[in-house]
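Each remark here refers to the structure printed beneath this line.
The values are calculated or read from the model by the stated rules, or taken from the named source; none is laboratory data. Given the structure is predicted, the values throughout are model-derived calculations rather than measurements. Cβ placement follows ideal geometry from the backbone for every residue including glycine, while neighbour counts extend to all protein chains displayed.
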Amino acid sequence: MALMFVWVLAGCATTPGAQLRPWNSKGPRTLALMSDSSGMVGEPNGPTLKGYNVPGRNPDSRMPWKLFLGGASHRLIAYMYGVRHPDRQVYYNNKHIKIIIEETGIGDVSRLLPGEHKMSPDITDITRRVLFEIKPWHEQGLQEGRERSRTYLAALNRTILTGKYVTGGLDFHGEVLIRFARGQYIWRLEWRTQEPGVVQYR
């Protein structure tokens, strides 16, 4: 599958911030998809997409493009969740479950099992009591996302003695364009909740 996703650079903040500069566009008629070799061309799915100008990858970086783009996709999708829900209390994968429980008081941290304290769900929406795990858009990604989501839910819900349990999130999807600084290509990222708690991107 061609790398048709769009990402913020690896150094951008995980939480929503001022690093991204939006621009509105109907999008170019074709999208040039960058790879380590020759470019490819694809058609945008919709008539109007929102775009963001973002910093590019460090020119001196030796990180493979696939790894760079995969990691950055998580940050952009998390960023977009925060943009859509600015009034909610949301945590990202830079915070461990232990810290989430301690800061929000949603459960008893002593009920976590050994090894669970440093688990970090990609998106944990405390206001709605839902979480999402972000994975690439293929069968292996779906299976891994399903397993991780279930593991995180089991850990979090074991600590909750009263109130609503955390569940797998639903209906989080979207598509945006990205223009990297110093780059000559426009990238497109599409993501969708394939099943409760699992968001996949391409």
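Points worth noting:
- Conditions (1) surrounded by 15 or more Cβ atoms within 10 Å (Cβ to Cβ); (2) among the basic types (Lys, Arg); (3) over 19 Å from GLY71 (Cβ atoms); number of the one not met by LYS164: (1)
- Residue match in the range 179-196 (condition: outside the structural domain of ILE77 (by TED's automatic domain parsing), among the polar types (S, T, N, Q) and in contact (Cβ under 8 Å) with a residue 24 or more places away in the chain): no
- Checking the stated criteria, ARG128 turns out not to satisfy the condition of being touching an Asp or Glu at 6+ places or on another chain (Cβ under 6 Å), farther than 15 Å from VAL198 by Cβ and in a loop (DSSP other than H, G, I, E, B).
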